[in-house]
Each structure stands twice: as structure tokens, then as C-alpha cells.
Amino acid sequence: MKKVTWFYLEDCPYCKNAKKALAELKEENPAYKDVEIDFIEENAHPEIVDQYDYHAVPCLWIGGDKLYEAHLFEKYDETKANVKRVLDAAMN
């Protein structure tokens, strides 16, 4: 199992949707609860953020690979599908 690095901002509506999706996915598939996720709040850890290349949050990485970066006007279903895709990648 691979660890997910999850960048977010506390007041970001897209980040809130992604965390809601994560909770729903864990209820739908309890195996997702085993995925280790390192949540990094951008404002609290700029020294870590500087090591990654992205422009929007939420942004999810596995190792050095960016697997998901939100975009403006993203719908909830798209967010949830992307979070699921990252969780599935972490489990493989």
C-alpha cells in the first residue's frame, strides 16, 4: 500500500468537497480506511509545499506523482471520482 500526500487549504470549498468524498468512499468501501494519507495544510507547511509542483488544491500525490489536482468549477461527482482513483492507485 502506498501513502497519499494530500495538500489542502482549510477554507477551500473544493477541499471540503474532497474530504466529504473521502468520508463517503470510506463508508462505501471500508478497505479505503487502510490507505495512509498525509494531510498537509498549505499555509501551515510552506516548506513542504515548496517541494511540489502544483497550482490548485486539493492536490493528491503518491510519491513524486501528482494524481489529482482540482480545477475551478469542478463538480462534486468529478471530485469524488478523482479521490476514488487516487485511493485505488494507493491500494495497488
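Scanning the range 1-22 for residues that are surrounded by 12 or more Cβ atoms within 10 Å (Cβ to Cβ) and part of a helix (DSSP H, G or I) yields Tyr14, Cys15, Lys16, Asn17, Ala18, Lys19, Lys20, Ala21, Leu22. Checking every residue in the range 31-51 against the condition of being touching a residue at least 40 places away in the same chain (Cβ under 8 Å) and on the phi > 0 side of the Ramachandran plot gives zero matches.
Would you call Lys26 open to solvent by less than 80 Å² (accessible area, probe 1.4 Å), among the charged types (D, E, K, R) and touching a helix residue (DSSP H, G or I) at 6+ places or on another chain (Cβ under 6 Å)? Taking the combined requirement at face value, the residue satisfies it. Taking the criterion of being in a helix (DSSP H, G or I), touching a Leu at 6+ places or on another chain (Cβ under 7 Å) and under 16 Å from Glu69 (Cβ atoms), the only residue of the range 23-58 that qualifies is Glu42. When residues in the range 59-71 are screened for being open to solvent by less than 60 Å² (accessible area, probe 1.4 Å) and over 20 Å from Leu25 (Cα atoms), 1 of them pass.
Yes/no matrix, rows are residues, columns are (1) farther than 23 Å from Glu28 by Cβ; (2) touching a helix residue (DSSP H, G or I) at 6+ places or on another chain (Cβ under 9 Å):
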| site | (1), (2) |
| --- | --- |
| Glu47 | yes, no |
| Asp53 | yes, no |
| Val57 | yes, yes |
| Phe73 | yes, no |
| Glu78 | no, no |
| Asn82 | no, yes |
| Arg85 | no, no |
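Taken together, the residues in the range 59-92 that are more than 16 Å from Lys3 (Cβ to Cβ) and either at pLDDT below 95 or in a loop (DSSP other than H, G, I, E, B) (or both) amount to 6.
Among the residues of the range 41-48, are any of a type in the set (Val, Ile, Thr) and open to solvent by less than 30 Å² (accessible area, probe 1.4 Å)? So far as the range 41-48 goes, no, none of its residues is of a type in the set (Val, Ile, Thr) and open to solvent by less than 30 Å² (accessible area, probe 1.4 Å).
The values are calculated or read from the model by the stated rules, or taken from the named source; none is laboratory data. Values in this document were obtained by computation on a predicted structure and should not be read as measured data. Backbone-built Cβ (ideal geometry, glycine too); neighbour counts: all protein chains shown. Accessible surface areas use protein heavy atoms only, side chains included; no ligands, DNA or RNA. Shrake-Rupley method; radii C 1.70, N 1.55, O 1.52, S 1.80 Å.
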